[in-house]
Amino acid sequence: MFSVSRPVVLDINTQADLFSPRGMYPLHEVAAVVPRMREFFAWVAMAHVPVVSTRLHRVLMPGQTADLPIGAPNTAGFCKLPFTRIPGAVELPLDCGTDFPADGFNAAPQYIFDLQQINPFESPRFDRLLSESDAPLWLVVGGPLESSVRMAVLGLVQRRQKVAMIRDCLAAHDAYQGQMALRQLESKSIDWMTSEQAMAKFTLRPRRLKPMTKLRARRLAGLRRPMRGIDSAAAVERPGSTLGLDTGTSRRRLRH
């Protein structure tokens with residue numbers, strides 16, 4: 001079980017073939033989505049939020065011909081958008097293994113999975129990581145919304161994971177199919193928020209004491225400090241003495 005106390009970002013296919021107007025399979029409204037995503041990932045890096053990313057590796061999307069796959073290695077379209085890479089990221093190669101670093105999210109701030117399928121959960125290693133992770137929430141961004149993102153979210157829901165969709169960081173290839181995917185996902189128990197709402201909600205702020213709390217803490221510290229010239233241990237051993245006089249004697253003198 002990979003435990004983490006903070007939300008985890010699930011970054012689906014943020015690579016140039018999808019999120020660039022000159023890519024092999026450009027998504028709808030990338031000009032509006034990319035700036036919001038840039039701000040979101042700047043916050044992710046600053047707040048040290050763990051990231052799980054996917055990248056398509058020679059995958060054919062609906063309507064493509066065999067000679068135009070997405071994510072051909074050694075091409076500009078295969079590369080992830082530069083601002084989505086966190087320093088220290090670990091790339092996981094294509095294989096059918098399920099091994100994973102024992103330290104989980106403590107071993108690296110970001111894991112990048114190369115996928116040969118539209119459905120991310122068809123990768124055994126990806127499936128194992130997301131199925132065994134004890135994360136409080138998955139913040140989902142990326143595309144295409146009508147295929148890879150939809151399948152990833154439904155897979156998380158089936159595995160009883162909590163999901164939040166970041167609305168302004170999602171993109172679809174076909175606007176109509178994207179709306180149909182949104183309607184399907186809205187029927188599930190999923191949170192919806194903008195990137196600004198997510199950043200405001202999950203930014204850790206230093207705890208500050210109220211003025212009265214600070215004053216009480218100082219007074220308590222002063223009371224616990226022994227007074228000068230008085231043996232605190234002796235005072236505890238002789239609770240009935242007052243400046244060397246017996247309490248009973250002092251009372252008799254007061255009566256006369």
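Taking amide H positions as modeled 1.01 Å from N, with prolines and chain starts lacking one, the residues under 5 Å from SER133 and 5 or more places away or on another chain are PHE2. With the cut-off at 1.5 for a/c, could you classify the range 41-174 from its C-alpha gyration tensor as rounded, prolate or oblate? Here the range 41-174 falls in the rounded category.
Taking a ≥ b ≥ c as the square roots of the Cα gyration tensor eigenvalues, with a/c under 1.5 meaning rounded and otherwise prolate when a/b beats b/c, else oblate, which class fits the range 68-135?
Numbers: a/c = 2.21, a/b = 1.31, b/c = 1.68.
Note, shape of the range 68-135 comes out oblate.
Derived scalar couplings between HN and Hα for the range 65-71 equal 8, 5, 8, 10, x, 7, x Hz in order, rounded to whole Hz, by the Karplus curve 6.51 cos²θ - 1.76 cosθ + 1.60 (θ = phi - 60°), x for Gly and Pro.
Charge dipole of the range 1-145 (Cα centre as origin; +1 on each Lys and Arg Cβ, -1 on each Asp and Glu Cβ, all else neutral): 420 debye, rounded to the nearest 20. The length gained by stretching the chain between ASP191 and ASP99 to full extension, at 0.36 nm per residue less their Cα-Cα distance, is 30.0 nm. Work out the FRET efficiency for SER5 and GLU29 from their Cβ-Cβ distance, taking R0 = 22 Å, and round it to the nearest 0.05. After rounding, the FRET efficiency stands at 0.05. The modelled label-to-label distance for the pair ALA89/THR75, using points 7 Å beyond Cα in the direction of Cβ, is 1.9 nm. Sorted on the mean count of surrounding Cβ atoms within 10 Å across their residues, most packed first, peptides 183-191, 73-81, 149-157 read 149-157, 73-81, 183-191.
Find how many whole Å separate the alpha carbon centroid of the range 39-113 from the alpha carbon centroid of the range 169-200. So the separation of the two Cα centres works out to 21 Å. Each other residue within a Cβ distance under 10 Å of ALA181 adds +1 if Lys or Arg and -1 if Asp or Glu, for a net charge of -1.
Other residues within the sphere of radius under 15 Å centred on the Cβ of SER20, judged by their own Cβ, net out at +2 (K and R +1, D and E -1).
Any read-out appearing in this document is the output of simple, stated calculations on the displayed coordinates, not a laboratory observation. All values reported here derive from a predicted model rather than from experimental measurement. Glycine also receives a Cβ, built like all others from the backbone with ideal geometry; neighbour counts cover every protein chain displayed.
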